[in-house]
Amino acid sequence: MYDFETLVPRRKMGSAKWAEMEKVNPSVGEDIVPFSVADMEFKNPPEIMEGLKKYLDEVILGYTIPTDEYYDAVIGWMKRKHNWNIDRSSIVLAPGIVSALFTAVRTFLKPSHGVILLTPVYYPFFMAASVNQCNVVESPLKFNGIQYDVDYDDLKQKAKDPANKMLLLCNPHNPVGRVWTKEELMRIGRICIDNDVLIIADEIHFDLIMPGFKHTVFASISEEFAQHSITCTAPSKTFNLAGMQTSNIIISNSEIREKFTEGNKNIASMSLNTLGYKACELAYNKCEKWLDELLEVIEGNRKYFVKFMKENIPEIKPIRMEGTYLQWFDCRGLGMTYKELENFMTQDAMFFLDEGYIFGQAGEGFERINLACPRHVLEKALLSFKKCLDKKLRK
Ligand SMILES: Cc1ncc(COP(=O)(O)O)c(C=O)c1O
């Protein structure tokens, strides 16, 4: 049994999430925990921490390249967990996935080309396009009040425009929590490939799948899909290693891979992050049990959240979280504008979430809560939120 109960204080420890909370509300109390940025309020697996300590006793922290053991660990993980056979030569190392997304846009597109996004979506997708002077082409997901689906007619129309040359696909989807089915991915892939649209599949959340759902790696569907796509993977969400900035970009098509590698020179990174790559190897070789327990804890928190809202705040509608640890929920029933909602959350309720609008206009009136925290922390925050909301709504 691993420890998913201890809350590690991260105030003044350089945590981006905790620092952002204090920036948004400097008067925030000592006992408040943020639920925004996607890292976890759980300790890293002990196998990683102990392994790194041992490694530090032996290593010199100089320029680093991947070892055979490293490659074997990555290849083994993809095979065991995702039934995906990859060649060692297809693995391109990159500091982080956001960095890889930016490289992909910069390398394969020219300014004024279009990047298709299925919105609402993780906000750096918009930045990857706009920073490179490309157009953001939104194909909004269809929301039927319960669930989100791809609007295939709209996607087809956008893909047919020869200016739109790339789809940034988020699978599982942050923030709406969909784990796209194989059939859905096949439809998306067919549309893109037929229209010469390169698919960049960001699968950073691919290990975080809730019971009853199955993740399919886009590139594993067929050789044709593998040849027309780039898959972005990392141990960072799964094992809480975001600060290690270590990711594995899998590119089967040698021409695309060479271009990407050439384009990636622009980030001018001369070495791997020595500890990051060792942490990835340890994670993929030694931490499957820890992941199994983590998933149970997250599923428990998800169920708790959904039940809590149903019983206490029925105006709030959680959307089924099929994957990730990021629960998306509809707050439009509270009768506030999205700006009023933000103000209420951060200044009155001291409930620090990711506001839906940062994921695009379709996210206005929604919130995203990070459920990767000890249950007692979630319980306390929800009770306090309910108390504050009751005062406002039901006085
Ligand atoms: C879909 C998605 N891609 C990428 C990232 C971040 O990747 P990295 O830290 O490797 O740049 C996140 C973090 O939340 C994410 O949700």
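Under the classification rounded if a/c is under 1.5, otherwise prolate if a/b is larger than b/c and oblate if not, where does the range 1-122 fall, given a ≥ b ≥ c as square roots of the Cα gyration tensor eigenvalues?
Details: a/c = 1.93, a/b = 1.15, b/c = 1.69.
It is oblate, given that a/c is not under 1.5 and a/b is not larger than b/c.
Any number yet on Rg/Rh for the range 61-286, C-alpha, Kirkwood?
So for the range 61-286, dividing Rg by the Kirkwood Rh gives 0.95.
Put +1 on the Cβ of each Lys and Arg and -1 on the Cβ of each Asp and Glu in the chain; which of 137, 66, 199 then has its Cα farthest toward the positive end of the dipole?
Positive-end residue among those listed: 137.
How high is the relative contact order of the chain, in percent, counting Cα pairs under 8 Å that sit 6 or more residues apart?
Values: 684 pairs, mean separation 90.8, N = 395.
Normalised by residue count, the contact order of the chain is 23 percent.
When the chain is fully extended, how far beyond the present Cα-Cα distance does residue 194 get from residue 72, taking 0.36 nm per residue of separation?
Values: separation 122, 0.36 × 122 = 43.92 nm, distance 3.45 nm.
Contour length minus the Cα-Cα distance gives 40.5 nm.
Cut-off is 10 Å between beta-carbons; in what order do 260, 359, 206, 143 appear when sorted fewest neighbours first? If you can, show how the numbers build up before the last one.
Numbers: 260 21, 359 24, 206 27, 143 15.
Lowest count first: 143, 260, 359, 206.
With a ≥ b ≥ c taken as the square roots of the eigenvalues of the C-alpha gyration tensor of the range 167-280, please select rounded if a/c is under 1.5 and otherwise prolate if a/b is larger than b/c or oblate if it is not?
Oblate.
Place a +1 charge on the Cβ of each Lys and Arg in the chain and a -1 charge on the Cβ of each Asp and Glu, then give the dipole magnitude about the Cα centre in debye, rounded to the nearest 20.
Details: 48 positive and 53 negative charges, 151 e Å.
With only Lys, Arg, Asp and Glu charged at Cβ, the dipole is about 720 debye.
Before anything else, pin down the relative contact order of the range 1-86: Cα pairs under 8 Å, at least 6 apart, normalised by residue count, whole percent.
On the way: 32 pairs, mean separation 19.5, N = 86.
Rounded, it is 23 percent for the range 1-86.
In Å, what Kirkwood hydrodynamic radius results for the range 326-395 from the alpha-carbon pair distances?
Working: mean 1/r = 0.0800 Å⁻¹.
In the range 326-395 this quantity evaluates to 12.5 Å.
Please give the Cα centre distance for the range 235-264 versus the range 83-104, rounded to the nearest Å.
Measuring centre to centre over Cα atoms gives 2 Å.
Between their Cα atoms, which of 303/391; 12/43; 79/286; 17/278; 43/237 are more than 19 Å away from each other?
Working: 303/391 25 Å; 12/43 17 Å; 79/286 15 Å; 17/278 25 Å; 43/237 13 Å.
Listed pairs above 19 Å: 303/391; 17/278.
Okay, helix-only estimate at 222 nm for the chain: each DSSP H run of n ≥ 4 adds -39500 (n - 2.57), divide by all residues, round to 500 deg cm²/dmol; what do you get? Provide the component values of the computation, followed by the final result.
Working: 13 runs with 157 residues, N = 395.
Estimated from H runs of four or more residues: -12500 deg cm²/dmol.
Working from the alpha-carbon coordinates of the chain, get Rg over Rh, Rh being the Kirkwood radius. Show your work: numbers first, answer last.
Values: Rg = 20.9 Å, Rh = 21.8 Å.
Rg divided by Rh gives 0.96.
Compute the length gained on full extension between residue 347 and residue 27: take 0.36 nm times their separation in residues and subtract their Cα-Cα distance, giving the result in nm to one decimal. Display every interim value, and only then the final one.
On the way: separation 320, 0.36 × 320 = 115.20 nm, distance 0.89 nm.
Additional length available on full extension: 114.3 nm.
Relative contact order for the range 61-286 using alpha-carbon pairs under 8 Å, separation at least 6, rounded to a whole percent?
Values: 393 pairs, mean separation 60.1, N = 226.
Result for the range 61-286 is 27 percent.
Could you list 151, 196 in order of exposure, starting from the residue whose Cβ has the fewest other Cβ atoms within 10 Å? Walk me through the intermediate numbers first.
Working: 151 15, 196 11.
So the residues, fewest neighbours to most, are 196, 151.
Any chance you could run the full-extension gain for residue 163 through residue 127? It's 0.36 nm times the residue separation minus the Cα-Cα distance, nm to one decimal. Walk me through the numbers on the way to the answer.
Details: separation 36, 0.36 × 36 = 12.96 nm, distance 1.83 nm.
Here the segment from residue 163 to residue 127 would lengthen by 11.1 nm.
About the Cα centre of the range 61-286, what is the dipole size in debye to 20, counting +1 per Lys and Arg Cβ and -1 per Asp and Glu Cβ, all else neutral?
Approximately 280 debye in magnitude.
Might you report the magnitude of the Cβ-based charge dipole of the range 280-395 about its Cα centre, with Lys and Arg at +1 and Asp and Glu at -1, to the nearest 20 debye?
Details: 19 positive and 19 negative charges, 123 e Å.
With only Lys, Arg, Asp and Glu charged at Cβ, the dipole is about 600 debye.
Among 273, 111, 246, which residue has its Cα furthest toward the positive end of the charge dipole of the chain, with +1 on Lys/Arg Cβ and -1 on Asp/Glu Cβ?
111
Values in this text are rule-based calculations from the coordinates and carry no lab data. This structure is a prediction, so every number in the text was calculated from the model and none was measured. Cβ sites come from the backbone with ideal geometry, for glycine too, and all protein chains shown count toward neighbours.
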